[in-house]
1. Checking residue 97 against (1) among the charged types (D, E, K, R); (2) open to solvent by 70 Å² or more (accessible area, probe 1.4 Å); (3) at pLDDT below 90, which single condition isn't satisfied?
2. Which of the residues spanning region 21-37 are part of a helix (DSSP H, G or I) and either under 24 Å from residue 227 (Cβ atoms) or open to solvent by less than 30 Å² (accessible area, probe 1.4 Å) (or both)?
3. Just one of (1) out of contact with any Cys (no Cβ under 8 Å at 6 or more places or on another chain); (2) under 13 Å from residue 220 (Cβ atoms); (3) touching a residue at least 40 places away in the same chain (Cβ under 8 Å) trips up residue 125, so point out which.
4. Which of (1) touching an Asp or Glu at 6+ places or on another chain (Cβ under 6 Å); (2) at pLDDT below 85 is the odd one out, the single condition residue 45 does not satisfy?
5. Out of contact with any strand residue (DSSP E or B) (no Cβ under 7 Å at 6 or more places or on another chain), of a type outside the set (Gly, Ala, Ser) and either open to solvent by 90 Å² or more (accessible area, probe 1.4 Å) or under 15 Å from residue 229 (Cα atoms) (or both): is that true of residue 13 in this structure?
6. Of all residues being under 25 Å from the mean Cα position of the chain (by Cα) and in a loop (DSSP other than H, G, I, E, B) in region 1-20, which is modelled with the lowest pLDDT? Just the residue, please.
7. How many of the residues making up region 21-40 are under 27 Å from the mean Cα position of the chain (by Cα) and of a type in the set (Asp, Glu)?
8. Anything in region 207-237 that is small (Gly, Ala, Ser), modelled with pLDDT of 90 or more and exposed (fewer than 15 other Cβ atoms within 10 Å of the Cβ)? List them, or say none.
Amino acid sequence: MKAPRYKVVYEFLKKNIITGNYVEGHLLPSENELCAKFEVTRPTVRQALNTLVQERYIYKHRGKGSIVANQQRTLGLLSFKGFTEVLSNTEQIVETRILERKHLLDWPEDFFYPIPKNLRQSGCYFLKRLRFVNQEPVMLEYTWIPDYILEGFDAISFENNSLFGTLASKFHIEVTSVDQQIKAIQADKQHAHMLQMEEKSALLHIYRKYGTSRNDFFLFSSLLCNTSNYAIGNVFS
């Protein structure tokens, strides 16, 4: 099945912006030039350009045309703050899609971090979420939450889609630190499909163990980050 004609124009322009062929302040080819290049109509070109405007790759200047916007697209996700908290005060459009709602299970035998004895005996809640920024999937997040000192947790909905915020407000447990291991892997077919990327493309895989204000309580996450359009970074102070 062929991609819509506007999508061809959109992907061409987006690729040139991401790779730096069109830099900030660069004037894109005119609508007439794009129509001639791709043998499409003006409405088709305008749909491609409007999509790039919505995704903040470009902006339109009356009398000039379409101009490449600032491409400093970095998500500060290497801190120990949660996804929702990190991006809540930015201009990004953030969405969380629940793929598996929290449910109880035993800790996996081959878990990526040693599990303290008091937590292993209690079992855990498992949660699977897909995170979007400006409608682009950027992170697939697997989370394990100990079924320990969390009475009534199974019946609670997360406030503002935030696990950390809910733990703080309902159970007075604050996340205070993180131990993380980071490596690059290739996206398998399943993960590539979920993150809308090419199979075998580079993925950033982050394993995390979160420390909390309770020295006997930890959280664990496995994060798969699509860095095709966003860098993953943070400022520490």
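The values are calculated or read from the model by the stated rules, or taken from the named source; none is laboratory data. Since the model is a prediction, treat every value here as computed from it, not as a measurement. Neighbour counts are summed over all protein chains in view; Cβ atoms, including those assigned to glycine, are modelled from backbone coordinates with ideal geometry. Note: accessible area is taken over every heavy atom of the protein model, side chains too, but ligands, DNA and RNA are not part of it. Shrake-Rupley method; radii C 1.70, N 1.55, O 1.52, S 1.80 Å.
1. (3)
2. Scanning region 21-37 gives 34, 35.
3. The number of the failed condition is (3).
4. Here residue 45 meets the rest and fails (2).
5. Values: out of contact with any strand residue (DSSP E or B) (no Cβ under 7 Å at 6 or more places or on another chain): yes; of a type outside the set (Gly, Ala, Ser): yes; either open to solvent by 90 Å² or more (accessible area, probe 1.4 Å) or under 15 Å from residue 229 (Cα atoms) (or both): yes.
Answer is yes for this residue.
6. Filtering first and then ranking leaves 3.
7. Within region 21-40, residues that are under 27 Å from the mean Cα position of the chain (by Cα) and of a type in the set (Asp, Glu) number 1.
8. Residue satisfying the conditions is 213 alone.
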